[in-house]
1. For the Cα atoms of the chain, what angle does the longest principal axis make with the long axis of helix 51-81, in degrees from 0 to 90, nearest 10?
2. When the chain is fully extended, how far beyond the present Cα-Cα distance does Ala201 get from Phe127, taking 0.36 nm per residue of separation?
3. Determine ³J(HN,Hα), in whole Hz, for all residues of segment 682-692 in sequence, where each value follows from phi through the Karplus function 6.51 cos²θ - 1.76 cosθ + 1.60 and θ = phi - 60°; x replaces Gly and Pro.
4. Which shape class applies to segment 511-633: rounded if a/c is under 1.5, otherwise prolate when a/b exceeds b/c and oblate if not, where a ≥ b ≥ c are the square roots of the Cα gyration tensor eigenvalues?
5. Order the peptides 180-193, 255-268 from the highest to the lowest mean number of other Cβ atoms within 10 Å of their residues.
6. Ranked highest first by average number of other Cβ atoms within 10 Å, how do 359-368, 301-310 line up?
7. Roll a 1.4 angstrom probe over the protein heavy atoms and tell me the percent of accessible area of segment 518-627 that is carbon or sulfur.
8. Provide the percentage of antiparallel DSSP beta bridges, counting only those with both residues in the chain; round to the nearest 5.
Amino acid sequence: MTLDLRLAAPAVVAWIAVGVLIGHPELLIVSAVALWLAAVVGVTMAVALGARSRSITVGIALACAAAALLVSVAAVRQPQRQPEFLADAAQSGRFVTATVETSQATGSPGEPFTATLRSLNVGERRFSANVPVLVFVDDPLGSVGIGSTLKLRGTVSMTDPADSAALLFFTDRGPTVVEEPPWVLDWANELRATFRGSAAALPGSGGDLLPGLAIGDTSAVSPRLDAAMKATSLSHLTAVSGANCAVLIAIVMLAGAALGIPRGCRVAASVVILLGFVVLVTPEPSVLRAAAMATLVLGALLAGRPLRGVPTLALACLVILAVDPWLSRSYGFILSVLATGGLLVLAGPLTRVLRRWLPLWLAVVIAIPLSAQLACQPVLILLSPSIPTYGVLANLLAEPAAPIATVLGLLACALLPLLPGPGLAAAHLAWVPSAWIAAVAEFLAGLPGASIPWAQGAIGVAAAVLVIVLLLGAIPFRAGGRERRWRRASRIGLGLVVAGYLGIAAGDAARQQLSRPGDWQIAMCDIGQGDAVLVRSGGRVALIDAGPDVTLLKHCLDTLGIGRLDLLVLTHYDIDHVGGAAAVLGRVDSVLVGPPDGSPASELAEGFAKNGAIVSEVSQGVSGLLGDLRWDVLWPRSPLRGVLPGNDASVTLRFAGAGGCTSGCLSSIFLGDLGREPQALLMAANRLGRADVVKVAHHGSSDQNPRLYAVLAATIGLIGVGADNGYGHPTDSLLRVLAEQGTLAVRSDIQGMALLSPRPDGTVSVWTEHPATR
């Protein structure tokens, strides 16, 4: 069957146009005018031209019109997203108060949540607003439902114009709830909370994963399980996927037909249930895409005009981007559309090819995940420069269980408030497929060679596209002389690419092994979005923070040959700093911790004490030795004054030579997750000077004090950050601050592990696992 791409091409052009231009707000208006003019010219030419040329001209005009529509919406919305009073408040650094309406359930301390800014008070002036904001809260907030109105106090920072959140809000005290959610949202909050509590009582990773599979609540998914899901290409199951909408609508329509309900009533019931489902699972990008497609299909079905898949997908994308043009840069939305497009375009042909050797059911089961994987892989390279070796196998094993877990989980969610007994029974039944999916992910992720390293950035994307094109060209979709020649050329090209890759991979592995310095003094582990940095001197080793994941930290320590630690510093208890601590439990002599924040992670200190470590809660003035280095605690003060436990009370350490360095000692300072205000207090409380190395605060967020980095004037700035962090870390403003001071930014998301060594001339030698390619 011939694909209908008449609407797909204009949708792609419009998507690219708005995706580029939202990053350049100064060009939005003039671009919108130019695109509208081009569309009018195109229509005029189409009327004047003959039938043969008319279709091409109409296609160009349609592409210009679609792009003009999306760019016009963005041009109107941009001043509303970043008004002048917000820019002034951010630039001044003044404390402000605000009211926001939450659009995401609040999580653990240190976990930001999304909201919509409704009003802002700067001094005596009050401004109304409707701005998407990302809120950072240090102290425990408790469970606050979506749609709640909160009062905040703190500082604000503007984001890049293309970011989904237009503003970052950093609170200096706990928010207060001033209004409960409206009933149209609160019913879903109650259902989510009840189901989440029931799932928490279920054992193992299956219980942690079930709320994500059924209602999109991933708060219980551990960093280790999340990493395993990503490593096996199952991350689309970690939260509700768009396919769940299709399953739900199919059940409603088929059940209604079996009961003899008229088509119009079935469609109306499907729309109502679909709307309720979107509210319950929250409007994530994949859910929005699926809901938009389902609505279009239902409307066409009601009118008796069935739609084809690709045009429906294209129209749904245009509608969604017209509502929110900033989704054009959302990885979640992009991957959802690519996966759906891959299924619509590739699943059928691949099934027909595989059916030559396999039963139909098995051919379909293999073709579906393979199609989605091929379509998404180039974009996935941007998030993680690797190819999941067992991705197709993992999907083959896990995908059949996903709809069962979803349907049973939704049934449990609906029954628990009304019929707790049957609801619990449904939850226990849903746990079985959920536990199976988690077991598949964890088992395959733990196998040798679970991922194949790949080039980063644009080069990696281009290489992935080339391999996919050659692979598809080598598959015998159709017979014929021309096709055979193309297949032969594709197979030769694919063989050359594979041989080249193996040669490059072997060379890079040899390079890493041979070039890795043995005299490193500071090592930044590549552990994703989090911190884990080693300091070594005189045969003694310290670890500052443990990152979010046990497996990743253990891999780093094993790679560097670290078996035991003399000192472990847990700067604060956010999961991205302590989640991997179990990797060193029982292997530490001394542990330094900051003030407890009331979170469950605060109990880590007791666990280390039970395993033989000397645990000390430290504050400013505490010091000690690590080989030839002296360490000093510069922050927090005791008692805490003006700050709360958490980010702003991060244990801040300075290492410097103690006088016995025979081969040079690097001076360094580790800032934890300190924000702008505590950084100023840190400078006021200590005599700071130049440092060779600074561990940049809060993974390179924009909440920084430029004066601190000017005083430190460090040669190297270490930034522990994950490629898929969702926060925009490191921010452009932070990178500019480092550049202005001549500080070289070394980032784990781009360069992987980094090893720093002192040179005889007093400079710093930098070795990184990957070259900086972007």
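1. 40
2. Details: separation 74, 0.36 × 74 = 26.64 nm, distance 4.51 nm.
Computed gain between Ala201 and Phe127 is 22.1 nm.
3. Karplus values, whole Hz, x for Gly and Pro: 4, 5, 5, 8, 9, 8, 9, x, 4, 10, 5.
4. oblate
5. 180-193, 255-268
6. So the order, starting with the most tightly packed, is 359-368, 301-310.
7. Ligands and nucleic acids excluded, carbon and sulfur reach 52 percent.
8. Working: 61 of 87 bridges.
If I count the DSSP bridges inside the chain, around 70 percent turn out antiparallel.
The values are calculated or read from the model by the stated rules, or taken from the named source; none is laboratory data. The structure presented is a predicted model; accordingly, all values stated were derived computationally and were not measured. Cβ atoms come from the backbone with ideal geometry, glycine included; neighbour counts cover every protein chain shown. Each accessible area value is taken on the protein alone, full model and side chains, heavy atoms only, with ligands, DNA and RNA left out. Shrake-Rupley method; radii C 1.70, N 1.55, O 1.52, S 1.80 Å.
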